[in-house]
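What follows is a single structure, written as structure tokens, with notes after it.
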Amino acid sequence: MSTPQDQTILVLLDRGPDGQLAASAAGLLAAAVALGTPVALIVGEDADALAERAAALGAARVLTAPGDQDALTVPAVDALQAAAGHVTPAAVIAAHSVEGREVAARFALRTGAALALDAVAVERDEEGIVARHAAYGGDYLVTSAATFGAPVITLREGSVDAPPPGDGAGGDIAPEVLDVTPSEAPAARVESVEPAREASDRPDLRSAAKVVSGGRGLGSAEQFALVEELADALGAAVGASRAAVDAGFVPASHQVGQTGVSVSPQLYVALGISGAIQHLAGMQTASTIVVINTDDKAPLFEIADFGVVGDVFTVVPQLIEALRSEGSS
Amino acid sequence: MRILVLAKPVPDTYGQRTLSLETGLADRDADVAVLDEISERALEVALAHAGDHDGTEVVVLAMAPQSLQASLRKALAMGAHDAVQVVDDALVGADAVLTAEVLAAAAQRTGFDLIVAGNASTDGSGGVVPAMIAERLGIACATSLSSASIADGEVRGERASDGATLTVCAALPAVISITEALPDPRMPNFKGIMAAKKKEIETLRLGDLGVEALPDDVARSIMVEASERPPREAGTIITDTGDAGTQLARFLVANRLA
Ligand SMILES: Cc1cc2nc3c(=O)[nH]c(=O)nc-3n(C[C@H](O)[C@H](O)[C@H](O)COP(=O)(O)OP(=O)(O)OC[C@H]3O[C@@H](n4cnc5c(N)ncnc54)[C@H](O)[C@@H]3O)c2cc1C
Ligand SMILES: Cc1cc2nc3c(=O)[nH]c(=O)nc-3n(C[C@H](O)[C@H](O)[C@H](O)COP(=O)(O)OP(=O)(O)OC[C@H]3O[C@@H](n4cnc5c(N)ncnc54)[C@H](O)[C@@H]3O)c2cc1C
């Protein structure tokens, strides 16, 4: 009989607009290591060049497939189908990113596999592999399982920590090039790619240990700089409410909440955000919540660990100043 | 041209949303249901196109219990020409794959040139149903569009992808999904509300669609456990009298969060 650790976990790794492995790769492989033997799949041009990196992050084998870069999603679905046929996995894991989740879902539908979406953890119990989900903005913790067969699981980005560097087997690994039979399914064509304006060296919102978010209370895009200043003083990522995004203070990719990013950091600082239920849905599982708002009736105070009824434009500069002198003392 | 809009009724996020701890399923009886805001935006995309292009027919499609028909009435009141609802007791607790299979079959039966959906619902928020419908129907798919222009034979838009914006183009028939960057939906007017009351909503059952809820060879995703997160404990709230920033800094340092 094979032990669980012998079982293959097929992991689809996303690539960023620069062609490198996406930041989600480390967490995906770490989740797979806990379930069995991770086999990575990398799709697209020059995928072989990324094999070593995948191995360093924990992949025991690396499968690659070229694939028409200009066709949306379909080539990756075809590659995933070929890879699964090749290694007969006990589970398939992909990122719950825009690209990753669609590939995973189409593969699940195509092959009749069960689909577990937006998992925050994967585990084994007596019955097999199960996925944990934070439903309704973390109000509930739900466990799902497949009725039978290998589940296809999309993992929320930033939910599984990467192993400390140097843990992976790493080193030399010969990528295995897959033989993919194209499905000929019609695909949308990609006409151009515009990489997002790189937000300097700030941590990534989804996986950051600290997040500083600003709302409508910041008043303007210029004044929103205060949020960035505090974020930099704390080494935090920058988030925002939908009202701040709608007002054009920051790009939509910073939106935290129901229809934005869900974060679960050690520290969440909310500046000039009232605390609408749709905002709470994306941040209420943070370990420590700090709120600064002029309105003492703002609902966000109800879940704050430390709240300041006050003006962000006086409190925050003083806070930054105090943090600086703390750092230098 | 016929545009099919996927309109999902969801528990109102402004109210309390409950999951049954017994079944792990949304408690549709306990919550107030509304037409999902993102579905309304999808409908707005279709109605705006229809307003500028004579001969465009807008049909809304939902898979939802009979009791949630009010959401489809609202879509009709906003200006949709027709509505189709798939209702079947076997669909209680349907997972995302089954939902896509059902909607794909209903779409095929109704007929369409373009399907418009939201990028992710506000309850399940899986964000995968539109792509799976395209997979099942064997048609092109362009999802997460933050802009969309519909033309003869094709649809084009900006896809808000991971770390990049892609300009994509799909030949019709196709499925698109849109993000909340698209315009706010219109409000139903009095005339629309009156007209919607008189309209017949077509009801389909699984048998009409040839879809089985639990075939032997297809695995489903089921909830095996659900628990409620314990409420947060109340914290310290201070009113700024000149030194709140300093006090907050001390709090962060003391908790090793600075
Ligand atoms: C379907 C749906 C999905 C949604 N999804 C999201 C989502 O993902 N994320 C999200 O955030 N919202 C979402 N919303 C919107 C949400 O309902 C709120 O409208 C939004 O969160 C409000 O943002 P805000 O708190 O910045 O603005 P407001 O509610 O206007 O609050 C601004 C706050 O700033 C305070 N303030 C003003 N000036 C100052 C000052 N100088 N110093 C300190 N405080 C000040 C005010 O007292 C006020 O409390 C969604 C809504 C719907 C219907
Ligand atoms: C808390 C929770 C967790 C869940 N987890 C899982 C899971 O892990 N795996 C799984 O397979 N299922 C899961 N489900 C079930 C899944 O959400 C439902 O099957 C749902 O009907 C479809 O998925 P969605 O709402 O996530 O759709 P999304 O893909 O987010 O919806 C996108 C768009 O598709 C259209 N659409 C979707 N459903 C309908 C509908 N019924 N009628 C009309 N249009 C529609 C709408 O335009 C919508 O905006 C979960 C449900 C809940 C409430």
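The values are calculated or read from the model by the stated rules, or taken from the named source; none is laboratory data. The shown structure was predicted, so the numbers you read here are calculated from the model rather than taken from an experiment. So basically every Cβ, Gly included, is an ideal-geometry build from the backbone, and we count neighbours across all protein chains shown.
Things worth noting here:
- Pairs linking a residue in region B:1-14 that is outside any loop (DSSP other than H, G, I, E, B) to a residue that is of a type in the set (Lys, Arg), with Cβ atoms under 8 Å and 6 or more positions apart or on different chains, are B:11/B:17; B:11/B:28.
- Within region B:235-258, being more than 7 Å from chain A (Cβ to nearest Cβ) and in a loop (DSSP other than H, G, I, E, B) holds for B:241, B:242, B:243, B:256.
- Count of region B:166-179 residues which are β-branched (Val, Ile, Thr), crowded, with 20+ Cβ neighbours inside 10 Å and at the interface with chain A (Cβ under 7 Å from one of its Cβ atoms): 1
- Filter result for residue B:109 (surrounded by fewer than 20 Cβ atoms within 10 Å (Cβ to Cβ), basic (Lys, Arg) and either closer than 23 Å to residue B:206 by Cα or modelled with pLDDT under 95 (or both)): yes
Every residue, every condition in (1) more than 9 Å from every other protein chain (Cβ to nearest Cβ); (2) under 22 Å from residue A:300 (Cβ atoms); (3) within 11 Å of ligand 1 (Cβ to nearest atom); (4) in contact with a Leu (Cβ under 6 Å, 6 or more places away or on another chain), yes or no:
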position: A:178; (1), (2), (3), (4): yes, no, no, yes
position: A:194; (1), (2), (3), (4): no, no, no, no
position: A:197; (1), (2), (3), (4): yes, no, no, no
position: A:211; (1), (2), (3), (4): yes, yes, no, no
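- When we screen A:248, A:282, A:275 for residues that are of a type outside the set (S, T, N, Q), more than 10 Å from every other protein chain (Cβ to nearest Cβ), part of a loop (DSSP other than H, G, I, E, B) and within 16 Å of ligand 2 (Cβ to nearest atom), the only hit is A:282.
- Which numbered condition residue B:94 misses (of (1) part of a helix (DSSP H, G or I); (2) of a type in the set (Gly, Ala, Ser); (3) near ligand 2 (Cβ under 10 Å from one of its atoms); (4) closer than 20 Å to residue B:137 by Cβ): (1)
- Annotation note: of B:201, B:222, the sole residue that is within 8 Å of chain A (Cβ to nearest Cβ), touching a residue at least 24 places away in the same chain (Cβ under 8 Å) and surrounded by fewer than 20 Cβ atoms within 10 Å (Cβ to Cβ) is B:222.
Quick grid of which residues meet (1) near ligand 1 (Cβ under 7 Å from one of its atoms); (2) touching a Ser or Thr at 6+ places or on another chain (Cβ under 6 Å); (3) in contact (Cβ under 8 Å) with a residue 12 or more places away in the chain; (4) not aliphatic (A, V, I, L, M):
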{"residue": "A:243", "(1), (2), (3), (4)": "yes, no, yes, no"}
{"residue": "A:251", "(1), (2), (3), (4)": "no, no, yes, yes"}
{"residue": "A:255", "(1), (2), (3), (4)": "yes, no, yes, yes"}
{"residue": "A:266", "(1), (2), (3), (4)": "no, yes, yes, yes"}
{"residue": "A:283", "(1), (2), (3), (4)": "no, no, yes, no"}
{"residue": "A:304", "(1), (2), (3), (4)": "no, no, yes, no"}
{"residue": "A:314", "(1), (2), (3), (4)": "no, no, no, yes"}
{"residue": "A:317", "(1), (2), (3), (4)": "no, no, yes, yes"}
{"residue": "A:321", "(1), (2), (3), (4)": "no, no, no, yes"}
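- Looking across region B:130-147 at every residue that is in contact with a Gly (Cβ under 9 Å, 6 or more places away or on another chain) and at the interface with chain A (Cβ under 8 Å from one of its Cβ atoms), the one that is farthest from residue B:182 (Cα to Cα) is identified as B:142.
- Within region A:285-301, the set of residues being more than 11 Å from ligand 1 (Cβ to nearest atom) and facing another protein chain (nearest Cβ under 8 Å) comprises A:285, A:288, A:289, A:290.
- Boolean, residue B:34 is of a type in the set (Val, Ile, Thr), buried (at least 18 other Cβ atoms within 10 Å of the Cβ), within 20 Å of residue A:139 (Cβ to Cβ) and more than 11 Å from ligand 2 (Cβ to nearest atom): yes
- Test: residue B:59 is within 11 Å of ligand 2 (Cβ to nearest atom) and modelled with pLDDT of 95 or more: no
- For region A:93-139, filtering for residues that are within 13 Å of ligand 2 (Cβ to nearest atom), surrounded by 22 or more Cβ atoms within 10 Å (Cβ to Cβ) and charged (D, E, K, R) leaves 4.
- Where helices (runs of 4 or more DSSP H) fall wholly inside region A:46-162, the ranges with 3 or more residues that are touching a residue at least 24 places away in the same chain (Cβ under 8 Å) and within 12 Å of chain B (Cβ to nearest Cβ) are A:74-87, A:98-111.
- Residues that are on the phi > 0 side of the Ramachandran plot and of a type in the set (Gly, Ala, Ser), drawn from region B:204-256: B:210, B:242
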